[in-house]
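Okay, structure first, notes after.
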Amino acid sequence: MRQRRCALRNSAERTGKATRKVALLRSRPSQRPDPYGTGRSTRPGVTDRWIPGRRTLITNNQHQRRRSAGQSLAEFALILPLMFVIFVAVIDLARVYTTILSVESAAREAADWGSWQSSNWIGDESDPLSNRAKTVAGMVEHACTAASNTPDYEEPPGTVDHETCTNPSFEYALVDDLGVDVTNDPTCADAGREPPCRVKVTLTHAFDLMIPLSISVRDVEIGFPSQLTVVRDSVFAMSDLEIPGAPSTATPAPTP
């Protein structure tokens with residue numbers, strides 16, 4: 001009986017030692033030779049363990065991260081020029097829109113100022129002291145002042161208070177209710193003319209794009225040119241309004 005207990009105890013001790021040895025071997029890196037020199041263990045189930053004396057191991061996850069980062073950088077380099085062109089196109093579109101509004105507002109300002117009274121069109125435009133010449137000069141000044149905040153605005157050197165400008169260019173005409181040109185009709189200066197003449201102002205503005213978006217295919221331009229022309233006009237009828245409370249300009253009748 002004693003011999004049997006001793007045999008069981010010895011067997012248990014041997015089993016425990018073997019178990020601890022196996023656990024120790026499993027916790028240590030494999031020392032078997034690596035035929036490929038990659039620093040990777042050849043033991044099954046252990047693929048990413050670092051072995052002393054070998055070069056640094058680069059795992060599959062690191063390979064994937066580096067590959068993904070390089071792919072993202074290449075894609076960004078390809079799409080960056082397109083994003084830049086779209087960004088500049090959006091800015092140019094906003095500039096064109098604001099320019100159209102400003103030029104149209106300037107045309108309205110000039111036409112409104114010129115249509116205030118029919119008597120403003122008395123005389124010959126070639127005479128700088130005539131009402132017509134002063135009215136045209138005032139219309140030009142009002143149009144250039146209103147359009148002075150537009151891109152590519154230009155005026156001659158030495159111009160004071162936007163008296164004149166070259167971009168936008170200014171044109172005017174007197175027209176009837178059918179749109180027929182009656183600029184040289186002297187009856188437009190009559191306050192009682194029916195229907196009254198109308199003052200038409202046309203402004204032409206040359207707008208330069210920051211980046212032209214056009215290509216030439218067999219001498220045919222496709223896309224946007226390097227320069228856009230903005231043309232806006234406005235028409236106002238002569239009103240000859242009476243201002244309540246204003247002193248009368250009529251000559252008083254002589255006292256008998």
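Bear in mind that the values in this text are calculations on the coordinates, not laboratory data. Here the structure is a predicted model, which is why all the values come from computation and not from measurement. Virtual Cβ from ideal backbone geometry, glycine too; neighbours counted across all protein chains shown.
Computed values, structure above
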read-out: Ascending count of other beta-carbon atoms within 10 Å, so fewest first, for 142, 162; value: 162, 142
read-out: The range 79-237 shape via C-alpha gyration tensor axes, a/c threshold 1.5; value: prolate
read-out: Net charge, residue 180 excluded, C-beta distance under 13 Å - Lys, Arg +1, Asp, Glu -1; value: -2
read-out: Sparse-neighbourhood loop sites, trypsin sites (Lys or Arg not before Pro) in the range 136-221 - DSSP loop, at most 11 other Cβ within 10 angstrom; value: 218
read-out: Karplus-derived 3J(HN,Hα), 6.51/-1.76/1.60, for each residue of the range 133-138, Hz, glycine and proline x; value: 5, 5, 5, 5, 5, x
